[in-house]
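> Structure provided below as C-alpha cells; questions to follow.
The values are calculated or read from the model by the stated rules, or taken from the named source; none is laboratory data. Note that the structure is predicted; figures quoted are calculated from it, not measured. Neighbour counts run over all protein chains shown; Cβ positions are idealised from the backbone, glycine included. We work out accessible area using only protein heavy atoms, side chains counted, and drop any ligands, DNA or RNA first. Shrake-Rupley method; radii C 1.70, N 1.55, O 1.52, S 1.80 Å.
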Amino acid sequence: MIVWLVLLLAVPTAPPITHTVEIRGMEFHPADLTVAVGDTIVWINRDIVPHTATGTRRKWDSGQLQQGDSGRYVPRRAGRAPYTCTLHPTMQGMLIIRKE
Amino acid sequence: MSRSGHRLLPLALTLVFTSALHAQNPAPAPAAAPDLSDPEVAHVAVTANSIDIDAAKFAQTRTRNAAVRQFAATMITDHSAVNAQAAALATKLGVTPADNAISQSLESGAKQARTTLESLHGAAFDRAYLDREVVYHQAVLDAIDKVLVPTTENAELRKLLVDVGPAVATHLEHAKQLRAQLGAPARTGT
C-alpha cells in the first residue's frame, strides 16, 4: 500500500488544460487542435452571425453561440473527433484527443 | 464625399447586382467604384439582407427538403444578425439609411425572382431557389468587395461590410454544395 502510494505520488500527471478555439471569419482557429482526455476546449464566437461547435461522430453540441458567447466540451476518451457548425456545414474542425 | 460620380450608380451597381439577378451569369464589376454616400451604402446593405431574408421565409413555406429548409433558416438567422448590427451602427453614428436607385433596383429584381419561384413546387422549386441563392450571394460578394467597401467613408461601416464578406462567401459555398446534391435539372430563369 505504501509503495503504491509512493509510486502514485512519484508519477507526475499533467493537470487538465483549457484550450481556446476562436470562431472568426467563418472558420475555427485553430481548425485542428490536439488535446488530452480531461482537458477543456472552449469555443468563443467572434463573428457577427451565430455558430455552433457540434461533434459529427460524438454527441456534443454547444448550441447556438451568439457573438461573444462561448461553449465548452471535455472529452472523456481518446481518438479523433471531427466537428462542424450545424448552421454552416462548410465549417469544419478536428480535435485530436490523446489519452493523457 | 464628392457627388460627381453619383450618376454612375445605376449603371455600375446594376452591373454587379441586378444583371446577376435577372440573368444567371453575374456581370463583371465595374473597374472603378461608383460614388455612394454612406447612408446609401447602409440602405443597400440592409435591403440586400432583407431581400434574402424574405426569400428564405418564402422557401420555408414552400420546400419539403429538410436541408433546404435548414439552409433557409440559416439565411434568416445570419442576415437578421447582420441587419441588427447595421441598425445598431446606424443609430450609433446617427446615420439614416437613404433609399436610392440601387436599393430600388434590388427590390425590383427580387420581385421578379419571387414571381418565378412562386410558380414552382417540389424539387423544381428547391433547385430554382438555390440557383438564385448562388447567383445572389456571388453578386453581393462582388458588390461588397468592389463597390460598397471602396466607396464607404466611415471606418466602422466599412469594417462591418468587410466582416460580413466571409459570411456571404460561406453562404455561397453552402448554397453551391446543396445545389449540387439536388442534381441536374437546372436554371429556370429566376
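> Return only the number of the condition from (1) farther than 22 Å from B:Ala169 by Cα; (2) open to solvent by less than 10 Å² (accessible area, probe 1.4 Å); (3) of a type in the set (Asp, Glu) that B:Glu133 does not satisfy.
(1)
> Also, I was wondering about something else. For the list (1) open to solvent by 20 Å² or more (accessible area, probe 1.4 Å); (2) modelled with pLDDT of 95 or more; (3) not acidic (Asp, Glu), I need the number of the one condition that A:Leu5 fails.
Single failed check for A:Leu5: (2).
> Right, another one. Residues A:Leu65, A:Leu33: which one is closer than 25 Å to B:Met75 by Cβ and open to solvent by less than 30 Å² (accessible area, probe 1.4 Å)?
After applying the criteria, what remains is A:Leu65.
> Another question, then. So which residues in segment A:86-100 are more than 9 Å from chain B (Cβ to nearest Cβ) and assigned to a loop (DSSP other than H, G, I, E, B)?
Selection gives A:Lys99, A:Glu100.
> Filtering segment A:68-85 down to residues that are closer than 20 Å to B:His174 by Cβ and away from chain B (no Cβ under 14 Å), which residue is least open to solvent (accessible area, probe 1.4 Å)?
Restricting to residues being closer than 20 Å to B:His174 by Cβ and away from chain B (no Cβ under 14 Å), the top hit is A:Tyr83.
> Continuing with this model, one more query. Taking the residues in segment A:40-55 that are open to solvent by 10 Å² or more (accessible area, probe 1.4 Å) and in a loop (DSSP other than H, G, I, E, B) as candidates, determine which candidate is nearest to A:Ile97 (Cα to Cα).
A:Arg46
> Anything in segment B:146-173 that is free of Cβ contacts under 8 Å to residues at least 60 places away in the same chain and away from chain A (no Cβ under 12 Å)? List them, or say none.
Scanning segment B:146-173 gives B:Val149, B:Ala155, B:Arg158.
> Could you run through segment B:145-155 and say how many residues are in contact with a helix residue (DSSP H, G or I) (Cβ under 6 Å, 6 or more places away or on another chain) and surrounded by fewer than 22 Cβ atoms within 10 Å (Cβ to Cβ)?
Residues meeting the conditions: 3.
> Out of segment B:48-84, which residues are of a type in the set (S, T, N, Q) and open to solvent by 10 Å² or more (accessible area, probe 1.4 Å)?
Correct list: B:Asn49, B:Ser50, B:Gln60, B:Thr61, B:Asn65, B:Gln70, B:Thr77, B:Ser80, B:Asn83.
Table: residues versus (1) at pLDDT below 95; (2) acidic (Asp, Glu); (3) assigned to a helix (DSSP H, G or I).
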| position | (1), (2), (3) |
| --- | --- |
| B:Lys111 | no, no, yes |
| B:Leu117 | no, no, yes |
| B:Ala143 | yes, no, yes |
| B:Pro166 | no, no, yes |
| B:Leu178 | no, no, yes |
| B:Thr188 | yes, no, no |
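> Going by the conditions given, is B:Ala27 farther than 20 Å from B:Val162 by Cα, in contact with a Leu (Cβ under 9 Å, 6 or more places away or on another chain), modelled with pLDDT under 95 and open to solvent by 10 Å² or more (accessible area, probe 1.4 Å)?
yes
> OK, next. Take the conditions part of a helix (DSSP H, G or I) and open to solvent by 60 Å² or more (accessible area, probe 1.4 Å) and apply them to B:Gln138. Does it pass?
It is false that B:Gln138 is part of a helix (DSSP H, G or I) and open to solvent by 60 Å² or more (accessible area, probe 1.4 Å).
> Given the conditions (1) touching a residue at least 12 places away in the same chain (Cβ under 8 Å); (2) more than 19 Å from B:Arg69 (Cα to Cα), which single one is not true for B:Gln104?
Condition (1) is where B:Gln104 drops out.
> Look at segment B:156-168 and say how many of its residues are open to solvent by 60 Å² or more (accessible area, probe 1.4 Å) and not hydrophobic (A, V, I, L, M, F, W, C).
Going through segment B:156-168 one residue at a time, the tally reaches 4.
> Go through B:Ala88, B:Ala67, B:Ala59, B:Ala55 for me and flag whichever is in a helix (DSSP H, G or I) and free of Cβ contacts under 8 Å to residues at least 60 places away in the same chain.
B:Ala88
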